[in-house]
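Below is one structure, written out as structure tokens, with a few remarks after it.
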Amino acid sequence: MTDVGARLRRLCAAGLGLALVLGPVVACGGADGAVSVEVGGEPGARPVVTYVPPLEISSTYRRTIWEGTGAELVEDQPVLFDFYQENATDATVLQQSYDTRPMVQDLSREALGENLFQTLRGQRAGARLLQVAPASGSEPLPSVTVIDVLPLRADGEPVPLRDDVVLPAVTFGPGGTPSIAPTGTDPPTTVLTQPLLRGRGTQVAAQDTVTFQYAIFTWGGDFIDSSWNRGRPESQSLDELAPVLSDWLVDQPVGSQIELVVPPTESLQINNESEEYKTQTVVLVLDILSTRTPRGGP
């Protein structure tokens with residue numbers, strides 16, 4: 001887990017109560033009366049939070065900025081999310097994930113703490129949630145927090161299959177876990193790609209860190225490795241990935257899915273690549289979940 005994730009985990013364990021609010025947040029203030037917090041910004045982008053500090057917050061509020069339309073979150077299963085948190089006293093940024101990579105935690109009391117667990121339970125991927133929370137014994141600062149719930153599988157539009165080659169058919173189990181049906185033919189000797197879904201999100205740039213799910217099989221259908229089996233997507237910089245993969249990822253939009261056939265003359269560099277499989281043609285199925293350009297990048 002990143003340092004940002006560790007800090008968030010400590011906040012969750014300390015009882016961070018996420019307040020989810022629709023439109024402007026109206027909370028009871030001190031003797032001066034009500035205060036408001038507004039949340040703007042486009043889906044997938046860092047939220048814009050507007051209010052007049054300092055906020056005097058007497059209790060935690062929970063509502064939804066917008067509803068998610070993706071898969072419903074499942075208890076004890078991973079949830080992928082971004083967060084942005086400000087000090088409600090002076091509107092300074094305390095921590096955020098939009099410049100690094102999204103967080104992933106199991107949707108459980110043990111992993112998230114009671115308050116965050118209650119906030120996320122029943123939500124769907126795509127939801128944006130807002131917190132306005134007072135200071136507490138363990139957290140001395142009142143805070144304003146926005147959370148974006150991200151999908152754990154590609155959600156783009158289907159792409160027509162190629163008619164010039166025959167590739168293994170890809171099927172999906174519960175939650176999006178892929179498997180393949182071998183063709184029974186000899187493996188190709190060159191790299192082949194088949195886009196399966198075309199996403200509608202941000203396009204991947206050359207220096208980005210990409211969060212993705214993947215599964216790898218032999219051309220004959222034997223399972224090799226999968227992020228789905230571990231219950232956690234991967235986040236890697238494109239310059240850490242093999243060119244056969246990173247070159248394809250550039251300009252692809254978030255939400256896309258690809259089938260990539262790689263002969264043994266190439267290397268994927270996202271699994272252990274044991275000696276058993278180094279001489280075999282492999283089939284990769286990959287879902288793009290998020291992409292981030294490093295600070296100072298293009």
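Couple of notes before you dig in:
- The single residue among VAL149, VAL166, VAL159 that is without any contact (Cβ under 8 Å) to a residue 60 or more places away in the chain, among the β-branched types (Val, Ile, Thr) and surrounded by 14 or more Cβ atoms within 10 Å (Cβ to Cβ) turns out to be VAL159.
- Restricted to strands (runs of 3 or more DSSP E) entirely inside the stretch 42-126, those with at least 3 residues that are at pLDDT below 90 are 61-66.
- Residue count for the stretch 73-124, restricted to those that are of a type in the set (S, T, N, Q) and over 20 Å from SER290 (Cα atoms): 7
- Per the listing LEU141, LEU152, the residue uniquely closer than 22 Å to ASP208 by Cβ and part of a loop (DSSP other than H, G, I, E, B) is LEU152.
- The residue of the stretch 235-270 that is modelled with the highest pLDDT, among those that are touching an Asp or Glu at 6+ places or on another chain (Cβ under 8 Å) and surrounded by fewer than 18 Cβ atoms within 10 Å (Cβ to Cβ), is SER237.
- Members of the stretch 131-153 that are modelled with pLDDT of 90 or more and of a type outside the set (Lys, Arg): VAL144, VAL146, ILE147, ASP148, VAL149, LEU150, PRO151, LEU152
- The residues of the stretch 77-93 that are at negative phi and among the small types (Gly, Ala, Ser) amount to a single one, ALA88.
The values are calculated or read from the model by the stated rules, or taken from the named source; none is laboratory data. Bear in mind that the values here come from a model prediction, so they are computed numbers and not experimental data. Neighbour counts are summed over all protein chains in view; Cβ atoms, including those assigned to glycine, are modelled from backbone coordinates with ideal geometry.
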